[in-house]
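Report on the following structure.
Rule-based calculations on the coordinates, nothing more; no lab input. Small disclaimer: the values here were computed from a predicted structure and weren't measured. Here the Cβ positions follow ideal geometry from the backbone for every residue, glycine too, while neighbour counts run over all protein chains shown.
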Amino acid sequence: MKRIFLALFVMTLAVAVAGSVFAQGRGPMGGPGMGPRCDITNAPGLNLSDDQAAKIKTLQNSHFKDVEPVRNQMFTKRQELRQLWQQKTPDQAKIEAAQKDIQNLRNQLQSKQTQYRFAVLKELTPEQQDKIKASNWGCPKYGAGKKGGNRGGMMGPKGMGMGPGPAQQAQ
């Protein structure tokens, strides 16, 4: 019974980690929210000058190079965490340390993303800034239902017993 429970737990954890990676909108080089569909130089109605577009592309390329090592470290740490959970007797201290390392890497990525966004905003006129903010930074909005947002929690409307999703909690 314990083996079945552990196998189910590991599978659920793997699905949750994989889902979080896809949900973050990783782009071609993995920067958060920087996929080809999230390229602000293609945002509708922004009307960037050639100079602005070139500067933003330079910032974007620099950002991709800046976050790549952190992303690679995060990938490695996630692999290590999976292996720790798959041990016959998982070591709680090692698992918690790996989780803290992953959280620190996430914080680094978020900080770099914030720096990048501020750098991009400096290149835009106030009108363009308003348009880009209203367009979700050129990214399509996902999960828009009748009232907007994702209707389900983790893996379905009931979140597999983990409570309602964010959209359901707000209702």
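As an exercise, use a Förster radius of 25 Å and the Cβ-Cβ distance of residue 68 and residue 91 to find the FRET efficiency, rounded to the nearest 0.05.
The calculated FRET efficiency here is 0.25.
Net charge within 12 Å of residue 106 by Cβ-Cβ distance, Lys/Arg positive one each and Asp/Glu negative one each, not counting residue 106 itself?
Once positives and negatives cancel, what remains is +4.
What is the local net charge at residue 118, summed over the other residues whose Cβ is closer than 13 Å to its Cβ (Lys, Arg +1; Asp, Glu -1)?
That sum, taken over residues with Cβ under 13 Å, equals +3.
Using the Karplus curve 6.51 cos²θ - 1.76 cosθ + 1.60 with θ = phi - 60°, what ³J(HN,Hα) values do you get for each residue of region 89-102, in whole Hz, with x for Gly and Pro?
With coefficients 6.51, -1.76 and 1.60, one gets 10, x, 8, 4, 5, 5, 5, 5, 5, 5, 5, 5, 4, 5 Hz.
Of the cross-linked pairs 65/131; 65/94; 55/131, which ones have a Cα-Cα span greater than 23 Å in the structure shown?
With Cα atoms farther than 23 Å apart: 65/131; 65/94.
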